[in-house]
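Report on the structure given below.
Read the figures in this text as sums done on the coordinates, not as results from a lab. These numbers come from a predicted model, not from an experiment. Reconstructed Cβ throughout: ideal geometry from the backbone, glycine too, with neighbour counts over all protein chains shown.
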Amino acid sequence: MSPLLEITDLRIEFRLATGTVTAADGVSLAVSAGETLAVVGESGSGKTATALSVLRLNPEPPCVYAGGEVLLDGRDLLRVSEKDLRRIRGNDVAMVFQDPMTSLNPLKRVGAQVAEVVRKHQSASRAAAREAAVAALREAGIPDPQRRAGQYPHQLSGGLRQRVMIAMALVGRPRVLIADEPTTALDVTVQARILELLVDLQRRHGMAIVLITHDLGVVAEVADRVVVLRSGQVVESGDVVSVFERPREDYTRDLLRATPKLERA
Ligand SMILES: Nc1ncnc2c1ncn2[C@@H]1O[C@H](COP(=O)(O)OP(=O)(O)OP(=O)(O)O)[C@@H](O)[C@H]1O
């Protein structure tokens, strides 16, 4: 199967007054429909910059895409117009971030925020959009979605807020979901439920997931394949079981050692 999203030889530079930081130094990776690819690596290894490059969301300047391609269905997203990119965001590729509190508007009811996204994707009346929003909240596993839709972000727990973000990301039925540390801010049981939700939604909709995480326990639980980044370079990649059982690089071994949860698995 040819990959849905393919990054080839990507080079991302942050050109700062103090010098150039190379966040991605020849990164290549690929993910197919229905597959989950984890991108792991220590802090500063370039995971987020690489993820953001897919929708060209790194701030330019200082960011410069200095080489490589980000191919969606063979089309290079680094070279499409802003207008096309706006259409691709949410419709073809959506993102979920770590901290829903910073992405949700604190002054608006969550149902209204989801409904706004619905109206961006389909011409729906206010009432129809509101109904679709409640349905999306329900699909994201939010109990009593009708009531929750009428609440403000601060009235929801961290786990429910993340479900709202997932509902918003999936309204446009994207084919690729990029999740950057989606469960890092949550406690362990809530983390597990959110991961289950992502796996379940993926099964139902067949989307490709790129999961950015520093948590190899999360990778073991949900990913099919893994790419290990270090200083902007892929040091190792392969299916999760082989990489975890027989890591080729000391760096990967160190990451594995730093994840005590895995020893029990
Ligand atoms: N907007 C920016 N301006 C300047 N430098 C940046 C910017 N974003 C990222 N960088 C730099 O690029 C490098 C890679 O950062 P990136 O955030 O991609 O790493 P990461 O692996 O996601 O780390 P973390 O797990 O801490 O989020 C780092 O050296 C970082 O300082």
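Points worth noting:
- Taking every DSSP beta bridge that has both ends in the chain, the antiparallel portion is near 60%.
- FRET E, pair Glu42, Arg248, Förster distance 25 Å, beta-carbon r, rounded to 0.05: 0.90
- Charging the Cβ of each Asp and Glu at -1 and of each Lys and Arg at +1, and nothing else, the dipole of the chain about its Cα centre rounds to 1240 debye.
- Extent along the principal axes, Cα only, for segment 102-172: 31, 22, 19 Å, with the longest axis given first.
- Projected over every direction and averaged, the convex hull enclosing the alpha-carbon atoms of the chain yields 14.7 nm².
- The dipole here belongs to segment 102-172: it is taken about the Cα centre, uses +1 on the Cβ of Lys and Arg and -1 on the Cβ of Asp and Glu, and is about 140 debye.
- Nearest-ten-degree value, helix 110-121 long axis tilted from longest Cα axis of the chain: 70
- In percent, rounded to a whole number, the relative contact order of segment 102-172 is 42, using alpha-carbon pairs under 8 Å and six or more apart.
- Spin-label pair Ser231-Asp187: with each label point 7 Å from Cα along the Cα-Cβ axis, the two points sit 4.0 nm from one another.
- Net lengthening on full extension, Gln151/Ala112 (0.36 nm per residue, minus Cα-Cα): 13.1 nm
- Other-chain or far-sequence residues with amide H under 5 Å of Ala24's (modelled H): Ile12
- Whole-Hz Karplus values for segment 80-90 come out as 7, 6, 4, 5, 5, 5, 4, 5, 5, 5, x Hz, taken residue by residue from phi with 6.51 cos²θ - 1.76 cosθ + 1.60 and θ = phi - 60°; glycine and proline positions read x.
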